[in-house]
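Q: Let me begin by handing over the structure; questions about it come next.
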Amino acid sequence: MKVRIIILSVICMLILCFTAAYSEEYAAVQIETGEEWSWDPGNYNLFSGTMQLSPYTGQELTINMTTNLIYGDDEDHNPLFTVVDGKRIPMRQQSSSTVFTPGGESSMLAFSGSIKLPEKEHVKHIEFQFRILDNTGRELTRITDEVSVRDNDTAAAAGSFYISWNIGRITIIAGTAAIIIWAVVLLRSLIIRKKERNL
């Protein structure tokens, strides 16, 4: 009896992890660096991305973009949206936030942006952070994606262990496999017990 309770508890925990991972994937962002991206300090870089916003179809959203980079007091450090939903933003109007309403033809937001790396620090990765707000300013969710020197430098990746897959997908696959294994173990246990009773 105790074994069954433990097995069922583990299965429930795995299902909760699976659900959380799926929810994170459902509202997700993916950033890609251009071929001319440079990790040299102070370099000005361009990037592109897509954002899946289907959970918020029909809502007017404000999307604020930041990074985890640390700059000096005299440096301009905000990443800027340069193209949103196929529309280029004039240079003087570019900012770290944009407004978008998913729905209609697509709930996927395609965008491009620019960022200047810190001048006094050599960075190897950047975590882009996006706060999704409704039209009242209430935060609905936060989603992140990371770009790394390993993404476009095969030499840097050659001597290190690095997982290039999306961690959410890995969690879903591992969770599904664990649920199937535990279900098979539970079913086998029930069949053996039933046979023992019939003997």
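The numbers here are math on the coordinates, done by the rules we state, and not lab data. Computed from a predicted model, the values in this text were never measured in an experiment. No Cβ is skipped: glycine too gets one built from the backbone with ideal geometry, and neighbour counts run over all protein chains shown.
Q: May I ask you to list the residues of the range 83-111 whose amide nitrogen lies under 14 Å from a point 7 Å from Cα along the Cα→beta-carbon direction of Gln59?
A: 100-103
Q: Could I ask something else about it? Looking at the range 50-109, which trypsin sites (Lys or Arg not before Pro) are in a loop (DSSP not H, G, I, E or B) and have at most 13 other Cβ atoms within 10 Å? Write out the running numbers ahead of the final one.
A: Working: sites: Lys87, Arg88, Arg92; in loops: none.
Qualifying residues, ordered by number: none.
Q: Of the GluC sites (Glu not before Pro) in the range 84-144, which ones lie in a loop per DSSP and count no more than 11 other C-beta atoms within 10 Å?
A: Answer in residue order: Glu105.
Q: At what distance in nm do the modelled label points of Ser48 and Ile192 sit from each other, each positioned 7 Å from its Cα along Cα→Cβ?
A: For Ser48 paired with Ile192, the spin-label model returns 5.6 nm.
Q: Now, a different point. I need the phi-derived Karplus couplings for the range 173-179: 6.51 cos²θ - 1.76 cosθ + 1.60, θ = phi - 60°, integer Hz, Gly and Pro marked x.
A: 5, 5, x, 5, 4, 5, 5
Q: I need the phi-derived Karplus couplings for the range 85-95: 6.51 cos²θ - 1.76 cosθ + 1.60, θ = phi - 60°, integer Hz, Gly and Pro marked x.
A: Computed from phi, the couplings for the range 85-95 are 6, x, 10, 6, 8, x, 3, 6, 9, 5, 8 Hz.
Q: Explain nothing, just compute: Karplus ³J(HN,Hα) = 6.51 cos²θ - 1.76 cosθ + 1.60, θ = phi - 60°, for every residue of the range 39-46 in order, whole Hz, x for Gly and Pro.
A: 8, 5, x, x, 6, 9, 10, 10
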